[in-house]
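Everything on this sheet refers to the single structure shown next.
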Amino acid sequence: MKALEELLKDETAGDPITGLKWTKKTSHTISRELQRRGYEIGDDTVRRLLKKGRYVLRANRKRLNKRKDPNRDRQMRYLVRRRKQHEKAGFPSVSVDAKQRELIGNFKNPGRAYRRKPLDVLESDYPSDADGVAIPYGVYDTTHNEGFVVVGISHQTPAFAVACIRRWWLRIGKKKFL
């Protein structure tokens, strides 16, 4: 673990809210570098060690803004302190986020599945062909490193966010924190 952490020291980024970390290096690149340093290690072991070290696979996302808010760093440090205080006191600390709206219907998905025959889907992905819209909303319990997803079919509103947190609390959170 120490050799892995040393290797990734300057190649690690993180999220101050969740405490998760990630690197741009692939498990294959990391295992090759560790092998050059004399360790007998493969890609699978590197992936397990990364997971143990709280690294996760991440994709790029559009978040950067050319305008800088001078209070942003101070706000993030405050949120991290409050999260740690809540966790230490045994209170829930959750992160809530809506994901991309998805059309409901017989549409092509980017993933693949093992099948004997291909699945026929609509030629176009027009919203008018959809049976509806699904809005996944996630509640992430930072204390227990667990997620909970609610899928809505209406609109992404503050009321929906509150309803999702309430549903998480009634089904899962209450049992863990009370």
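Bear in mind these aren't lab numbers, they're just calculated from the coordinates by the rules spelled out. Everything numeric here is computed off the predicted structure, so don't read it as measured data. Backbone-built Cβ (ideal geometry, glycine too); neighbour counts: all protein chains shown.
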**Request:** Would you tally the net charge around A3, using a Cβ to Cβ cut-off of less than 10 Å, leaving A3 out, and scoring K and R as +1, D and E as -1?
**Result:** -1
**Prompt:** In debye to the nearest 20, how big a dipole does the stretch 62-142 give about its Cα centre with +1 on each Lys and Arg Cβ and -1 on each Asp and Glu Cβ?
**Reply:** 860 debye
**Asked** How many angstrom separate the Cα center of the stretch 1-49 from the Cα center of the stretch 109-178?
**Response** 31 Å
**Message:** With +1 assigned to the C-beta of every Lys and Arg and -1 to the C-beta of every Asp and Glu, and no other charges, what is the dipole magnitude of the chain about the Cα centre in debye, to the nearest 20?
**Reply:** 740 debye
**Complete:** Kirkwood Rh for the stretch 74-122 from C-alpha pairs, in Å, is 15.5 Å
**Asked** Taking the stretch 11-58, which GluC sites (Glu not before Pro) meet the DSSP loop condition and have no more than 13 other C-beta atoms within 10 Å?
**Response** E11, E40
**Fill in**
With DSSP loop assignment and no more than 11 other C-beta atoms within 10 Å, the trypsin sites (Lys or Arg not before Pro) in the stretch 2-51 are K9, K24, R37
**Request:** Take D129, D69 and order them by how many other Cβ atoms sit within 10 Å, fewest up front.
**Result:** D69, D129
**Asked** Which order, highest average first, do 139-145, 97-103 follow once you tally other Cβ atoms within 10 Å for each residue and take the mean per peptide?
**Response** 139-145, 97-103
**Asked** If the chain between R74 and D120 were fully stretched, how many nm would it gain, using 0.36 nm times the residue separation less the Cα-Cα distance?
**Response** 11.4 nm
**Prompt:** In the structure shown, do any of K84/K176; K25/K117; K88/K175 have a Cα-Cα gap over 27 Å, and if so which?
**Reply:** K25/K117
**Asked** Each label point is 7 Å from the Cα along the Cα-to-Cβ direction; what then is the distance between the points at F91 and E40, in nm?
**Response** 5.2 nm
